[in-house]
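What follows is calculated from the coordinates using simple rules that are stated; it is not laboratory data. Everything numeric here is computed off the predicted structure, so don't read it as measured data. Heads up, the Cβs are rebuilt from the backbone with ideal geometry, glycines too, and the neighbour counts pull from every protein chain shown.
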């Protein structure tokens, strides 16, 4: 986890240095017109949008994996319950067989 934090910090420093090196104003065109904006601001906003998209993608994967884990946990509990019931039934059958064998021998 710590190496991820260091990597994130290094990427943030690179984006900041790149942004400061490209602080010139650029023409920005959008649906309703155009304007001028600092290239550094465009770079930072783009990096933030990319980070938000990565976080959203990661969160959706985590939710999907958590749901799958809950389903597997539920299946495991059912299987353990079935196993317990079958073990009890097996013990009853073994006891009956021992009882039958004792009657046949005596």
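Tell me the label-point distance for the pair residue 65, residue 79, using the 7 Å Cα-to-Cβ offset, in nm and rounded to one decimal.
For the pair residue 65/residue 79, the computed spacing is 2.1 nm.
Please give, to one decimal in nm, the separation of the simple spin-label points placed at residue 26 and residue 91, each 7 Å out from Cα toward the Cβ.
7.4 nm
Using 0.36 nm times the number of residues separating residue 42 and residue 14, minus their current alpha carbon distance, what extension gain do you get? Walk me through the numbers on the way to the answer.
Numbers: separation 28, 0.36 × 28 = 10.08 nm, distance 1.48 nm.
Difference between extended and current length: 8.6 nm.
Rg(Cα) of the chain divided by 2.2 N^0.38 Å? Don't jump to the answer; show the numbers that get you there.
Values: Rg = 32.6 Å, N = 106, 2.2 N^0.38 = 12.9 Å.
Against the empirical 2.2 N^0.38 Å value, I get 2.52 for the chain.
By how many degrees, between 0 and 90 and to the nearest 10, does the Cα long axis of helix 39-105 differ from the longest principal axis of the chain?
Rounded to the nearest ten degrees, it is 0.
Given contacts defined as C-alpha pairs under 8 Å and at least six residues apart, what's the relative contact order of the chain, whole-number percent? Mind dumping the intermediate values first?
Numbers: 38 pairs, mean separation 15.8, N = 106.
Relative contact order here is 15 percent.
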